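*Asks:* Here it is, the structure in full.
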Amino acid sequence: MTREVWLALYVFALAVFVGYEVIARVPSALHTPLMSATNAIHGVVLLGAILVAGAATDLTSRILGFVALVFGAANVFGGFAVTERMLDLFRNEKRDRT
Amino acid sequence: MSLDLRETVVNLGYLAATVLFILGLRFLSSPRTARRGNRVAAVGMLIAIVVTLLDADVVSYTLIAIAVPLGAAIGLVAARRVAMTAMPQMVALFNGCGGGAAAAVAVAEWLRSGAAFGPGGSAAVGLGTLIGAISFSGSLVAFGKLQELLPTRPLLFPLQRYVNAAVLLLALGLVAWIASGQGQASSLWLLLATALVLGVAGTAPIGGGDMPVVIAVLNAMTGLATALTGVVLDNEMLLVAGVLVGASGMLLTVLMSRAMNRSLGNVLFSGFGTARASLAAADSTLVARQTTVEDTAVALAYARRVVIVPGYGMAVAQAQHELQAVAESLITRGVEVQYAIHPVAGRMPGHMNVLLAEANVPYERLVEMDQVNQLIPQTDVVLIVGANDVVNPAAREDATSPIYGMPIINADRAQLAIVLKRGMSVGFAGIDNALFYRDKTRMLFGDARKSLQQLLEALKAA
């Protein structure tokens with residue numbers, strides 16, 4: 001295997017640990033917003049859609065690119081907006097406690 | 001900009017976005033910083049999108065200029081309009097979008113490049129298509145069940161497991177064929193179709209009560225599919241962000257299964273058996289005892305300790321504000337009131353916390369299941385508002401019950417349990433509830449919101 005593939009595997013392994021550790025102590029009250037936020041973050045696939053659609057030459061690729069762009073953008077923008085709305089609800093609770 | 005400079009800007013942007021995503025997740029796991037976390041992650045996303053537009057591979061902006069605002073508008077409007085109660089299905093839908101996008105990207109890149117991939121890249125195309133498409137169709141089924149467009153009960157047919165296993169084997173065979181470099185475009189299209197079938201076939205047999213776990217699994221899968229498109233496109237940003245979501249999503253899934261005292265495999269592959277006849281039909285001597293608003297008001301007003309158990313019925317009736325008003329009224333009378341939150345009450349973990357926070361219920365008044373169960377024997381009244389499966393004693397007593405082994409709130413052990421419910425319909429798990437027929441249980445039928453409004457009036461008179 002090439003050096004690049006190995007590097008990708010290292011990145012993969014490290015990112016697994018970071019993803020696991022970074023949320024390991026989340027209280028259950030935040031499970032829903034956290035899931036919703038990670039849901040928004042995988043909308044990063046929009047970047048892939050931009051790269052594919054921006055380079056597409058034939059009709060099939062263009063159609064697929066278009067679908068990917070709409071889906072990806074809905075995932076990103078909708079995902080962050082919905083999470084923000086959920087977290088808005090926790091605002092009072094925060095004020096009460098501090 | 002020169003090509004070198006462009007590449008540097010793009011990569012610096014990706015690096016910054018990666019750091020912001022990780023910080024965002026970190027902030028999101030603490031209540032004090034959660035809002036900041038979401039915004040930090042969103043800024044990271046914005047940076048990543050903007051620098052990608054500078055990428056040298058992007059030669060035409062027409063499609064992007066039309067499709068991105070369109071998708072963004074759909075997402076934003078949906079996110080704004082959706083009622084808080086419908087949040088879980090909204091998340092399922094957005095997740096499906098992500099999965100569908102990942103599959104489309106993998107297929108499009110394969111077609112565009114004329115299948116010019118090494119074995120690693122081809123395998124990533126195959127797996128990305130497979131996992132992304134499963135997540136897409138699986139999320140749509142989850143959405144349908146949560147929205148109750150589809151039956152929430154497990155959809156089962158004879159030999160289902162064997163059929164599903166055969167379809168899975170076919171899909172994996174196609175991935176291997178594509179990875180070996182012999183696959184044609186037709187193989188990839190066939191894989192896409194097979195994966196779509198697999199998503200439906202895998203999700204349909206799972207009961208509605210387990211949908212929170214299913215959404216978490218599908219979320220992790222979309223993360224993984226995104227990471228695979230990163231391998232396909234040689235894009236580290238996609239790889240890292242996808243893996244982050246995949247790993248954190250998997251951890252969330254495990255935490256949730258643990259809260260239901262079941263293994264993930266049990267949730268995904270057992271299916272909730274065939275729905276059983278209702279208890280009352282099996283034993284005609286069982287009668288549920290009805291009560292009135294006035295009697296309920298008196299029982300609550302002269303109690304020392306009251307525990308409120310909210311469930312999905314409260315969410316549907318939008319009764320959280322009325323419930324909090326009743327609680328406040330009791331507290332001013334000197335009654336000790338607590339809310340008991342079951343980890344899987346509602347349609348998503350933490351669903352009740354979100355809704356009660358909307359009604360300004362102070363955080364200290366929410367008590368988790370284990371604590372509440374210790375206090376229940378000294379509790380005068382347990383007021384169950386639209387919860388069902390999470391207070392079903394069958395989980396403790398009936399080894400044949402599909403929910404046997406799930407930890408519940410032991411409402412049947414209090415002095416009195418009053419159940420606010422629309423009718424005698426079964427819970428989301430599709431099974432009857434023995435609690436409703438107990439001697440110490442009273443049913444107050446009606447829309448939870450109306451019942452609570454009347455209760456508030458009656459409390460003033462009591």
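The values are calculated or read from the model by the stated rules, or taken from the named source; none is laboratory data. Quick caveat: nothing in here was measured; it's all calculated off a predicted structure. Positions of Cβ are backbone-derived with ideal geometry, glycine not excepted, and every protein chain shown enters the neighbour counts.
*Asks:* Would you mind telling me which numbered condition in (1) modelled with pLDDT of 75 or more; (2) within 12 Å of chain A (Cβ to nearest Cβ); (3) within 17 Å of the chain's Cα centre (by Cα) residue B:358 fails?
*Replies:* (3)
*Asks:* Here's another thing I want to ask about it. For segment B:374-426, give me the residue count where each residue is over 18 Å from residue B:340 (Cα atoms) and not basic (Lys, Arg).
*Replies:* 14
*Asks:* Taking only pairs six or more apart or across chains, which ones have beta-carbon atoms under 6 Å, a first residue in segment B:421-444 that is closer than 18 Å to residue B:410 by Cβ and among the aromatic types (Phe, Trp, Tyr), and a second residue that is part of a loop (DSSP other than H, G, I, E, B) and modelled with pLDDT of 75 or more?
*Replies:* Pairs found: B:436/B:288; B:437/B:288.
*Asks:* In segment B:204-237, what residues are more than 9 Å from chain A (Cβ to nearest Cβ) and not in a helix (DSSP H, G or I)?
*Replies:* Once the filter is applied, which keeps residues that are more than 9 Å from chain A (Cβ to nearest Cβ) and not in a helix (DSSP H, G or I), segment B:204-237 yields B:204, B:205, B:206, B:207.
*Asks:* If the Cβ limit is 7 Å and pairs must be 6+ apart or interchain, which residue in segment A:36-61 that is closer than 17 Å to residue B:136 by Cβ pairs with which residue that is part of a helix (DSSP H, G or I) and of a type in the set (D, E, K, R)?
*Replies:* Here the result reads A:52/B:109; A:52/B:112, each pair linking segment A:36-61 to a residue that is part of a helix (DSSP H, G or I) and of a type in the set (D, E, K, R).
*Asks:* Moving on to the next point. I need the full set of residues from segment B:45-65 which are part of a helix (DSSP H, G or I) and more than 8 Å from chain A (Cβ to nearest Cβ), in order please.
*Replies:* Hits for segment B:45-65 are B:46, B:47, B:50, B:51, B:62, B:65.
*Asks:* Here is a follow-up. Exactly one of (1) more than 28 Å from residue B:353 (Cβ to Cβ); (2) outside any helix (DSSP H, G or I); (3) aliphatic (A, V, I, L, M) is unmet by residue A:24. Its number?
*Replies:* Condition (1) is where residue A:24 drops out.
*Asks:* Can you report the number of residues in segment B:374-397 which are part of a helix (DSSP H, G or I) and either among the basic types (Lys, Arg) or touching a residue at least 12 places away in the same chain (Cβ under 8 Å) (or both)?
*Replies:* 11
*Asks:* Within the group B:103, B:86, which residue is at the interface with chain A (Cβ under 9 Å from one of its Cβ atoms) and either within 24 Å of the chain's Cα centre (by Cα) or more than 18 Å from residue B:184 (Cβ to Cβ) (or both)?
*Replies:* Within the list B:103, B:86, the selection yields B:103.
*Asks:* Could you tell me whether segment B:121-136 includes any residue that is touching a residue at least 24 places away in the same chain (Cβ under 8 Å) and under 16 Å from the mean Cα position of the chain (by Cα)?
*Replies:* Looking for residues that are touching a residue at least 24 places away in the same chain (Cβ under 8 Å) and under 16 Å from the mean Cα position of the chain (by Cα), one finds at least one in segment B:121-136, hence yes.
*Asks:* What tally of residues in segment B:301-331 results from selecting those that are more than 15 Å from residue B:361 (Cβ to Cβ) and of a type in the set (Ser, Thr, Tyr)?
*Replies:* Within segment B:301-331, residues that are more than 15 Å from residue B:361 (Cβ to Cβ) and of a type in the set (Ser, Thr, Tyr) number 2.
*Asks:* If I go through segment B:6-42 residue by residue, how many of them are loosely packed, with under 14 Cβ neighbours inside 10 Å and modelled with pLDDT of 90 or more? Give the steps one after another, and end with the answer.
*Replies:* First, pick out the residues of segment B:6-42 that are loosely packed, with under 14 Cβ neighbours inside 10 Å: B:8, B:11-12, B:19, B:32.
Cutting the leftovers down to modelled with pLDDT of 90 or more gives us B:8, B:11-12, B:19.
Selection size over segment B:6-42: 4.
*Asks:* I'd like the full set of residues that are surrounded by 23 or more Cβ atoms within 10 Å (Cβ to Cβ), assigned to a loop (DSSP other than H, G, I, E, B) and among the β-branched types (Val, Ile, Thr), limited to segment B:409-443.
*Replies:* If the condition is that a residue be surrounded by 23 or more Cβ atoms within 10 Å (Cβ to Cβ), assigned to a loop (DSSP other than H, G, I, E, B) and among the β-branched types (Val, Ile, Thr), then B:409, B:431 are the ones that fit.
*Asks:* Something else now. Which pairs have Cβ atoms under 6 Å, sit 6 or more apart or on different chains, and link a residue in segment B:152-171 that is touching a residue at least 12 places away in the same chain (Cβ under 8 Å) to one that is of a type in the set (A, V, I, L, M) and not in a helix (DSSP H, G or I)?
*Replies:* B:153/B:275; B:155/B:204
*Asks:* Follow-up. State yes or no: is residue A:8 under 14 Å from residue B:243 (Cα atoms), more than 7 Å from every other protein chain (Cβ to nearest Cβ) and part of a helix (DSSP H, G or I)? Write out each step before concluding.
*Replies:* Values: under 14 Å from residue B:243 (Cα atoms): yes; more than 7 Å from every other protein chain (Cβ to nearest Cβ): no; part of a helix (DSSP H, G or I): yes.
Considered against the rule, which asks whether it is under 14 Å from residue B:243 (Cα atoms), more than 7 Å from every other protein chain (Cβ to nearest Cβ) and part of a helix (DSSP H, G or I), residue A:8 comes out as no.
*Asks:* For segment B:179-203: of the residues being over 25 Å from the mean Cα position of the chain (by Cα), over 11 Å from residue B:129 (Cα atoms) and in a helix (DSSP H, G or I), which is modelled with the lowest pLDDT?
*Replies:* Ranking the qualifying residues of segment B:179-203, first place goes to B:185.
*Asks:* In segment B:14-51, how many are within 20 Å of residue B:61 (Cα to Cα) and either charged (D, E, K, R) or in contact (Cβ under 8 Å) with a residue 40 or more places away in the chain (or both)?
*Replies:* Residues meeting the conditions: 2.
*Asks:* Continuing with the same structure: Could you please let me know if residue B:104 is within 24 Å of residue A:54 (Cα to Cα), in the same structural domain as residue B:191 (by TED's automatic domain parsing) and modelled with pLDDT of 95 or more?
*Replies:* yes
*Asks:* Moving on to the next point. Just to be sure, is residue B:364 in a helix (DSSP H, G or I), without any contact (Cβ under 8 Å) to a residue 40 or more places away in the chain, over 28 Å from residue B:145 (Cα atoms) and touching a Lys or Arg at 6+ places or on another chain (Cβ under 9 Å)? Before you say what the answer is, go through the steps one by one.
*Replies:* Details: in a helix (DSSP H, G or I): yes; without any contact (Cβ under 8 Å) to a residue 40 or more places away in the chain: yes; over 28 Å from residue B:145 (Cα atoms): yes; touching a Lys or Arg at 6+ places or on another chain (Cβ under 9 Å): yes.
So residue B:364 passes the test.
To keep it simple, each residue is scored yes or no on (1) touching a Phe, Trp or Tyr at 6+ places or on another chain (Cβ under 7 Å); (2) modelled with pLDDT under 85; (3) assigned by TED's automatic domain parsing to the domain that holds residue B:452; (4) not polar (S, T, N, Q).
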| site | (1), (2), (3), (4) |
| --- | --- |
| B:348 | no, yes, yes, yes |
| B:374 | no, no, yes, no |
| B:380 | no, no, yes, yes |
| B:392 | no, no, yes, no |
| B:416 | no, no, yes, yes |
| B:419 | yes, no, yes, yes |
| B:425 | no, yes, yes, no |
| B:431 | no, yes, yes, yes |
| B:436 | no, no, yes, yes |
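*Asks:* Within segment B:32-44, track down each residue that is within 7 Å of chain A (Cβ to nearest Cβ) and within 15 Å of residue A:77 (Cβ to Cβ).
*Replies:* B:38, B:41, B:42
*Asks:* Shifting gears a bit: Please go through segment B:39-58 and give me each residue that is small (Gly, Ala, Ser) and over 13 Å from residue A:48 (Cα atoms), ordered by number.
*Replies:* B:41, B:42, B:44, B:56, listed by residue number.
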